[in-house]
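Below: one structure, written as structure tokens.
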Amino acid sequence: MTDQVSDSVQAKIDANWRSVSEQVADACRAVGRSPDEVTIVGVTKYVDVPLTQALLRAGCRDLGENRPQVLWQKAEAMSDPTIRWHLIGHLQRNKSRRTIPLVHRLHSIDTLRLAETVAQQSGEAGQTTSCLLEVNVSGDEQKHGFRPAEIEKIVPDLIALPNLKILGLMGMASFDQPNHDPAIDFAALRELRDRLTVTTGLPLPELSMGMSGDFQAAIAEGSTCVRIGTRLFEGAR
């Protein structure tokens, strides 16, 4: 399999990356934030290796995958040390050992058992794993994540685990409720992070929230990491 796309496809992805980067920067400036405060994770879960390589060539170094198996495959096919892989989807405990050495950041710690497994296996691998705690802030039944009330009770157990570096929270706005304002969910996640910072004394600088359709609202509410997929590949497939 070649990792090259046509010149026209590459040009389209280049243009999409520039456009998204500019829109993220504009959203930051609109609320008095520096564009440097927000990382764009290019979500490549629906595209193959050549298109993922094209996004990398466009300038996106933070790449996000939902499925561990696909992340394994792409990390092997794209052995570029400048890539920072993010697992943004659910991680089953039996897939964590192979995933941990590959990721720059794990966005989806969603149970104490998973956290304990990742901590143990990180120690065995001689590393500390940077992670975010996934919160089901909207209450949607089909989503993974801690309930807000649950995480406030369990976070002392989580931060006591060795070999885990908990950097903050991850969440998604509701997609169950028509005409729902995503800013409501993003504000709730930020407020939860702020409470946890006070009650635990643990710096939690990262908020991973916002996707292609709602990243401006997420940035306005304090997101430090937006997960963009669809917008980066429009017109390229």
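Of the accessible area of the chain, computed with a 1.4 Å probe over protein heavy atoms only, carbon and sulfur atoms account for 49 percent.
Here the Karplus curve 6.51 cos²θ - 1.76 cosθ + 1.60, taken at θ = phi - 60°, turns the phi angles of the stretch 8-17 into couplings of 5, 5, 4, 4, 5, 5, 4, 5, 4, 4 Hz, with x standing for Gly and Pro. Along its first, second and third principal axes, ordered by size, the chain spans 53, 42, 32 Å in Cα coordinates. When the Cα atoms of the stretch 72-145 are aligned to their principal axes, the ranges along those axes come out at 38, 24, 19 Å in descending order. When all protein chains stay in place and ligands, DNA and RNA are ignored, the 1.4 Å accessible-area order of 221, 234, largest first, is 234, 221.
One equal scatterer on each Cα of the stretch 93-225, no solvent, Debye formula: the resulting log10 I(q)/I(0) at q = 0.16, 0.17, 0.21, 0.22 Å⁻¹ is -0.78, -0.87, -1.23, -1.31. Rolling a 1.4 Å probe over the heavy atoms of the protein chains gives the stretch 117-237 an accessible area of 43 Å² per residue.
Exceeding 22 Å between C-alpha atoms, which entries from my cross-link table qualify? They are 45/74; 45/165; 95/143. Beyond 22 Å: 45/165.
Ranked from largest, the principal axis spans of the Cα set of the stretch 5-135 equal 44, 39, 23 Å.
In the chain, a dipole from Cβ-located charges (positive for Lys and Arg, negative for Asp and Glu) runs towards its positive end, and of 109, 82, 59 it is 82 whose Cα lies farthest in that direction. In a DSSP loop and with at most 14 other Cβ atoms within 10 Å, the GluC sites (Glu not before Pro) in the stretch 101-175 are 141.
Counting every alpha-carbon pair across the stretch 1-41, the share separated by more than 13 Å comes to 60%. Pair-distance distribution of the stretch 26-83: all C-alpha pairs, bin width 10 Å, starting at 0; shares per bin in whole percent are 21, 47, 21, 12.
The values are calculated or read from the model by the stated rules, or taken from the named source; none is laboratory data. The shown structure was predicted, so the numbers you read here are calculated from the model rather than taken from an experiment. Positions of Cβ are backbone-derived with ideal geometry, glycine not excepted, and every protein chain shown enters the neighbour counts. With ligands, DNA and RNA removed, areas are computed over all heavy atoms of the protein, side chains included. Shrake-Rupley method; radii C 1.70, N 1.55, O 1.52, S 1.80 Å.
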